[in-house]
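Please treat every number below as a calculation from the coordinates, not as lab data. What you are looking at is a predicted structure, and each value in this text was computed from that prediction instead of being measured. Cβ placement follows ideal geometry from the backbone for every residue including glycine, while neighbour counts extend to all protein chains displayed.
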Amino acid sequence: MNTNFTTTPEQDVRAMDAICVNQSEKTHPLYYNLKYMAVGLIFGIIFVKSEVISWFRIQEMFHLQSFHMYGIIGSAIAVGMISIFLIKKLNIKTIYGEKISIADKKFNKGQIYGGLIFGLGWGVTGACPGPLFAQIGIGATVIGVTLLSAIAGTWVYGRFRDRLPH
Amino acid sequence: MCVPANIPFFNYNWKKEVWNLFFVFGIFLGGIIAATLLANPEPVAVHPELAKELATYGITNYDSLIPTQIMNWGQLFTLKGFLLIVVGGFMVGFGTRYAGGCTSGHAIMGISNLQLPSLIATICFMLGGFVMSNWLLPIILSL
């Protein structure tokens, strides 16, 4: 299924969307993916305990009433910078021994239009894509509808991307 | 994953991407564990000024990290609930894809890697959020 790469080369589409252009070249059995589930599980617990998934914390951030979210995002950027610096400096490989290369992002107008639309959605749902899963996990089952709607949004983007300004 | 149209954007080797389904399922499980085994009995922390403002829209319950009084299955079929839950979700998904990343991909990893497009995207995320939270959300909550 879906092997028609002639119209738009897979690599170009993926590079534009910055999705896994530098994925592992190796093929592994499905259960190898369980380690990603373990990382996700820890990430999910931290999402809840740090209140990143709190609708109220997001509103505080946009009302400039609390340093909370700025502190979390800021320290995550600091950790990311140090990590990328160390990965490049020490030429750290993946657990499968492959080189880690991080593709540069190319500017397109989607970052402005899409960014503004995402921001509006963020301000109203109080969640970016990852936290939606944790919100469902804590028992807010109606957020499952938000998630399905978000997935529908990505599909609509894919359907009409040729006609959208980039 | 079967997508209902042969669109180039979706023509990728999904088996290579299946790790992210495991990852988000882990986030879901993490949410369950945090809410059960590691549950916090205290009410959700909220700035008093914000609590005062939200009270004017009838939001007074701080048992959950999401405002359950406006986001629940009953509210889903009201205009307010539809805007908050369905339209909001659509904007999150559509906007994230259009921008080529979200808070993780652009704000955290992109800025960490000193990518100017990511900084531009992050500024737009924040701008959209400020506009929604301060000007549009009060209108929606008044519905």
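Below is a table of values for the structure above.
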read-out: Residue among A:G74, A:G121 that is part of a helix (DSSP H, G or I), under 17 Å from the mean Cα position of the chain (by Cα) and crowded, with 23+ Cβ neighbours inside 10 Å; value: A:G121
read-out: Scan of segment B:79-100 for residues that are without any contact (Cβ under 8 Å) to a residue 24 or more places away in the chain and within 17 Å of B:I139 (Cα to Cα), ordered by number; value: B:G81, B:F82, B:I85, B:V86, B:V87, B:G88
read-out: Residue within segment B:97-113 that is more than 7 Å from chain A (Cβ to nearest Cβ), in contact with a helix residue (DSSP H, G or I) (Cβ under 8 Å, 6 or more places away or on another chain) and assigned to a loop (DSSP other than H, G, I, E, B) present; value: no
read-out: Selection within segment A:46-100 - among the polar types (S, T, N, Q), facing chain B (nearest Cβ under 7 Å) and touching a residue at least 12 places away in the same chain (Cβ under 8 Å); value: A:S54, A:Q59
read-out: Unique residue being assigned to a loop (DSSP other than H, G, I, E, B), more than 7 Å from chain A (Cβ to nearest Cβ) and within 17 Å of the chain's Cα centre (by Cα) when the list is B:I70, B:I66; value: B:I70
read-out: Lone unmet requirement of (1) within 7 Å of chain B (Cβ to nearest Cβ); (2) under 14 Å from B:L119 (Cα atoms); (3) not in a helix (DSSP H, G or I) for A:G139; value: (2)
read-out: Qualifying residue in segment B:28-40 (condition: within 8 Å of another protein chain (Cβ to nearest Cβ) and closer than 22 Å to A:Q65 by Cα); value: no
read-out: Matching residues, segment B:46-63, being loosely packed, with under 15 Cβ neighbours inside 10 Å and not in a helix (DSSP H, G or I); value: B:T56, B:G58, B:T60, B:N61, B:D63
